[in-house]
Amino acid sequence: MLRPLLFALTLILAAPAALAGPPSPLLGKRPLVERPQIMVLGMVHLANPNRDVHNAQVDDVLAPKRQAEIVRLVDILATWKPTHIAVEWPHSDQAGLDKRYADYRAGRLKLTANERDQLALRLAAKLDLPRVDAVDWNENFPGKDEDYDWPAGAKAAHEEARYDALRDPKVDEEETELIRTHTVAGFLRVLNRPASLLDMHRAYYDIAMMGTPENNVGANWVGGWYGRNLKIFTNLVRLNARPDERILVFYGAGHGYFLNTFAEESHAFRLVRPDALLAKAEKSR
């Protein structure tokens, strides 16, 4: 009697695997065990390019004090052992990023203040990764430029007060003070709190008000911004990371809420927040 019972038990245990079949091609059907980990580290642009709605000023990160903070942060991030490092560099120019990384590793490149250089290239080299992944898309939106001119849309919709509130210089001043009084890891920790990312994200609902019902250029612009982030996300998925791999993403903080939300909602990744690593780097000073 024992052998038939054991045989039946074997069939029962084997049945779920047999019925499961090959993994689903749909991201939404991807089980947790098949999802690689992803960590999005939203950044203040360390080189002060002044291209965003709000532009906090970062002191010289090439100065010795900031360099020491960055080295500590890179050392702590390395303990997570990312297998991919993705950055805000055009996906269409992966070859250009490959050359920059190769030049850095060969000692031919002096690092700029850009976070791509200070954090991504340094960390990738420390981990001996073969490349840094370019995942950005930042081309022109479909249509004419005036279809997305939300400052002009503010005037057309008589939303000047809302526009002025969005561009309030006090926001830049407060963030600049936060940066001045914290280590690199410290201000990044504040910036990447879920509440901080959500607060930044809420501004897009006000930008969507910059236009008339007949010509809502603000909503057009937000739609284009949403589409840009979705294209960045698809480039992250196309890295084809295995379930046991870890992707670390360095990107402007304004992208953070989108990329975190897409990662969770899609079931493409297991989202890991950077707070614990940033706290450890902050305390290690």
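The values are calculated or read from the model by the stated rules, or taken from the named source; none is laboratory data. Owing to the predicted nature of the structure, the values given are computational and were not obtained by experimental measurement. Cβ: placed from backbone, ideal geometry, glycine included. Neighbour counts: every protein chain shown.
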_Top-ranked residue of segment 64-117 - restricted to ones that are without any contact (Cβ under 8 Å) to a residue 60 or more places away in the chain and among the basic types (Lys, Arg), ranked as surrounded by the most Cβ atoms within 10 Å (Cβ to Cβ)_ = ARG100
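Every residue, every condition in (1) modelled with pLDDT of 95 or more; (2) under 20 Å from the mean Cα position of the chain (by Cα); (3) among the basic types (Lys, Arg); (4) under 15 Å from MET43 (Cα atoms), yes or no:
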site	(1), (2), (3), (4)
ARG105	yes, no, yes, no
LEU109	yes, no, no, no
ALA120	yes, yes, no, yes
LYS126	yes, no, yes, no
*Determine whether ASP147 is assigned to a helix (DSSP H, G or I) and farther than 30 Å from LEU119 by Cα.*
yes
*Check ASP168 against each of (1) more than 23 Å from ASP60 (Cβ to Cβ); (2) modelled with pLDDT of 95 or more; (3) of a type in the set (D, E, K, R) and name the one condition it does not meet.*
(2)
*Look through segment 223-271, keep the residues that are hydrophobic (A, V, I, L, M, F, W, C) and without any contact (Cβ under 8 Å) to a residue 60 or more places away in the chain, and return whichever of them is surrounded by the fewest Cβ atoms within 10 Å (Cβ to Cβ).*
LEU230
*Got at least one residue in segment 84-103 being assigned to a strand (DSSP E or B) and farther than 24 Å from GLY224 by Cα?*
yes
*Do the conditions hold for LEU188, that is, is it more than 26 Å from GLU139 (Cβ to Cβ), of a type outside the set (Gly, Ala, Ser), at pLDDT 95 or above and crowded, with 17+ Cβ neighbours inside 10 Å?*
yes
*Within segment 135-156, can one find any residue that is crowded, with 16+ Cβ neighbours inside 10 Å and touching a Leu at 6+ places or on another chain (Cβ under 6 Å)?*
yes
